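One structure is given here, and the rest of the page talks about it.
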Amino acid sequence: MAHDLTPAPRDDTPEESRRTRLSRTFDEDAELYDRARPGYPPELYDDLRELAGAVPGSRVLEVGCGTGQATVPLAGRGCRITAVEAGPQMAAVARRNLAGHAGVEVVTAEFERWPLPQEPFDTVVSATAFHWIDPAVRVAKAADALRPEGSLAVVRTQHVRGGTEEFFVEVQRCYERFDPATTPRLRPPASTDFDGSDHAQEVARDGRFGHTVYRRYERDLTYSTADYLELLRTYSGHRALPNAARDGLLGCIAGLIDGRYGGRVTKRYLLELGVSPRRR
């Protein structure tokens, strides 16, 4: 079943306006996003079952499902899912990907404005999407959506040092040339720079959650030049560049990969899963 809710007008602060504008870029090419974005490792779903109660038959609310990268595996594990996605094109692709799964509903709506159903959920999940939700709303509304002792599970994806390390040093010159907002000599952070404390503190401020438990997963993914450019075209910052700057940037990156790295580079990801139980 699908629902479409028209967002109400609002007076955005500059930060809200930028966040909203960037988040909407994903919907411009939902098929590309679905094709290029990586999914999540099986052990993450094992931990969602163990730590967050995402077990067969459980009621799961997914915030920002995109095209279903996390939704499809959760549905395959027997969860009953209501997935909320603001982008109508992204939601349409998610419905197509989930067509074979009973007990899954994709709602086209902004989570901030979506009216919660009366029956609470066992688990609220957000995979690489929670940061796009208004920080004044996201934790409080997740708590409102949960039954006592239900769990909020947030997955964050970080791009960290590793893989083809020298490429990520050299490619900075392309960004500095074509994107004036680039921080000079920027380098990927080490995975040890992330400890999840910022998210844990945000959740704790609501006062309705217990201690946040963390799991971390590092993995390397190797891309051909064409596949890496497709991935970059799904990133909001790249999509928001003027066409000429984006084309120049991608051309510069392609030349570097083909000319110096044999047409293949490896990118390291850190996935952070934070699970916070709602108090009774």
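Computed from the coordinates by the stated procedures, all read-outs in this text should not be read as laboratory data. None of the values given here were measured: they were computed from a predicted structure. Note: ideal-geometry Cβ built from the backbone for every residue, glycine included; neighbour counts use all protein chains shown.
Note down the net charge around Asn97, summing +1 for each Lys or Arg and -1 for each Asp or Glu among other residues with Cβ under 14 Å from its Cβ.
Every neighbour counted, the sum reads -1.
Using a cut-off of 10 Å between beta-carbons, work out the net charge of the residues near Tyr261 (Lys and Arg +1, Asp and Glu -1, Tyr261 not included).
-1
Would you mind getting me the FRET efficiency between Ala204 and Ala240? Use the beta-carbon distance for r and R0 = 30 Å, nearest 0.05.
0.40
Using Cα atoms only, what is the angle between the long axis of helix 88-97 and the major principal axis of the chain, expressed in degrees (0 to 90) to the nearest 10?
80 degrees
For the stretch 179-263, what Kirkwood radius comes out of the mean inverse Cα-Cα distance, in Å?
Final number for the Kirkwood radius of the stretch 179-263 is 16.4 Å.
Counting only other residues whose beta carbon sits under 12 Å from that of Thr225, what net charge do I get with K and R as +1, D and E as -1?
Around Thr225, the charge tally is -1.
Which whole-angstrom value gives the distance between the alpha carbon centres of the stretch 136-167 and the stretch 38-65?
The two parts, judged by their Cα centres, are 12 Å apart.
Could you run the Karplus curve 6.51 cos²θ - 1.76 cosθ + 1.60 with θ = phi - 60° over the stretch 34-39 and give me ³J(HN,Hα) per residue in whole Hz, x for Gly and Pro?
Here the 3J(HN,Hα) series is 5, 6, 9, 6, x, x Hz.
For Kirkwood radius over Cα pairs in Å, several values are listed as (i) 19.8; (ii) 21.8; (iii) 19.0; flag the one computed from this structure.
Entry (i).
State the extension gain, in nm to one decimal, for the chain segment bounded by Cys252 and Glu31, taking 0.36 nm per residue of separation less the distance between their alpha-carbons.
Using 0.36 nm per residue and subtracting the Cα-Cα distance, I get 77.1 nm.
Taking Cβ-Cβ under 4.7 Å as the only way to count a partner, pick out the unpartnered cysteines of the chain.
Cysteines of the chain left without a disulfide-compatible partner: Cys65, Cys79.
With each pseudo-label sitting 7 Å past Cα toward Cβ, what's the Glu119-Asp144 distance in nm, one decimal?
The two pseudo-label positions are separated by 2.0 nm.
Please give the Cα centre distance for the stretch 173-197 versus the stretch 248-271, rounded to the nearest Å.
For the stretch 173-197 versus the stretch 248-271, the Cα centre distance is 15 Å.
If contacts are Cα pairs under 8 angstrom and at least 6 residues apart, what is the relative contact order of the stretch 125-260 in percent?
Dividing the mean separation by the residue count of the stretch 125-260 yields 25 percent.
Would you mind working out the magnitude of the charge dipole of the chain relative to its Cα centre, with +1 at each Lys and Arg C-beta and -1 at each Asp and Glu C-beta, to the nearest 20 Debye?
220 debye
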